[in-house]
Amino acid sequence: MSDELELKTIQVVSNNNNIASDVRVEQVSSGNGARSDNVNTAHEVSPLLSTPQVGDANNAECSDVTIESVNSSKPRWRDELQRVKRELNEVAVWKLKKWMVILIVLLLIALIIAISFIVCAAGHVDEDETYDRSSFVVERFFRGNFTLANSFISHPETQAEEREKLLEELKHQLTTVYNSSSALARYFSSVTINSFSDDTAQFELQFIIPSENEQLVRYTLSREMVKNVLFQHFYDQDPAGNSLYVKPTSLSMEVWTRGT
């Protein structure tokens, strides 16, 4: 009994890349004429997926991952900003967009506030600024003394005319102090420099107040208030070249009733 081995060559054509490949098929026949099973051995190439196609698929997948990572890294606030812009550009009333309506409302609010301030300022009357001077009938007196740093006023060689001139300047200075005081100016009447003794000036202040003066006497025209106004003036003086410079610490004052 002899075995026959027959080799046949068949051609397999790939649909993807049109490349033909030879495949040998071995057929084994038995000697007695009985046909044996055919054994096909072949190096088959997949007709559905070639090597270049696998590479393209991998590249596409990598590209998708890259795009998704870029999109995920994009700040969310930009998306929100774009959304807000779109909403503001929508038409709200007639042909007015939403941002126009918001701007008009804000302008109206600002205008109303400004008009309110103007009306209140024009219609407001400060009771402290309106007073009847003729109702001030009660006198209130203060007296005290202070010392000049320069001693030439009381010096024997100082001429009487020059001394009178300096005393008038000092009186004018005190008058200016109380006339410029916002709290005391309306009540201030006069100041008198009585005499000098060892460079110490004796002075007298007169104020006129309304008959109902309990609060004024307790607060506004108290001794501390009247004295502090004059003390602050002396304290702010510049001693350089000032012939009427007063030592601030030398100031003393008391309430005085004329005739006592």
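Overview of results
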{"item": "Per-region count, region 208-225, residues in a strand (DSSP E or B) and hydrophobic (A, V, I, L, M, F, W, C)", "result": "2"}
{"item": "Matching option when the condition is open to solvent by less than 30 Å² (accessible area, probe 1.4 Å) and part of a helix (DSSP H, G or I), among Leu184, Leu205, Leu166", "result": "Leu166"}
{"item": "Lone unmet requirement of (1) surrounded by 12 or more Cβ atoms within 10 Å (Cβ to Cβ); (2) modelled with pLDDT under 90 for Tyr178", "result": "(2)"}
{"item": "Test: residue in region 188-209 that is free of Cβ contacts under 8 Å to residues at least 12 places away in the same chain and of a type outside the set (S, T, N, Q)", "result": "no"}
{"item": "Residues that are among the aromatic types (Phe, Trp, Tyr) and surrounded by 13 or more Cβ atoms within 10 Å (Cβ to Cβ), drawn from region 208-234", "result": "Phe231, Phe234"}
{"item": "Only one of Ala201, Ala149 that is touching a Phe, Trp or Tyr at 6+ places or on another chain (Cβ under 8 Å), more than 22 Å from Trp256 (Cβ to Cβ) and at pLDDT below 95", "result": "Ala149"}
{"item": "Boolean, Ala92 is open to solvent by less than 70 Å² (accessible area, probe 1.4 Å), over 30 Å from Val217 (Cα atoms) and modelled with pLDDT of 90 or more", "result": "no"}
{"item": "Enumeration of residues in region 118-146 that are open to solvent by 90 Å² or more (accessible area, probe 1.4 Å) and at pLDDT 90 or above", "result": "Ile118, Val137, Glu139, Arg143"}
{"item": "When residues of region 235-249 are limited to those that are more than 17 Å from Lys171 (Cα to Cα) and open to solvent by less than 80 Å² (accessible area, probe 1.4 Å), the one modelled with the highest pLDDT", "result": "Pro239"}
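The values are calculated or read from the model by the stated rules, or taken from the named source; none is laboratory data. For clarity, every value in this text was computed on a predicted model and none was experimentally measured. Using ideal geometry, Cβ is built from the backbone for each residue, glycine included, and neighbour counts are taken over all protein chains shown. Accessible surface is based on the protein model in full, side chains and every heavy atom, while ligands, DNA and RNA are left aside. Shrake-Rupley method; radii C 1.70, N 1.55, O 1.52, S 1.80 Å.
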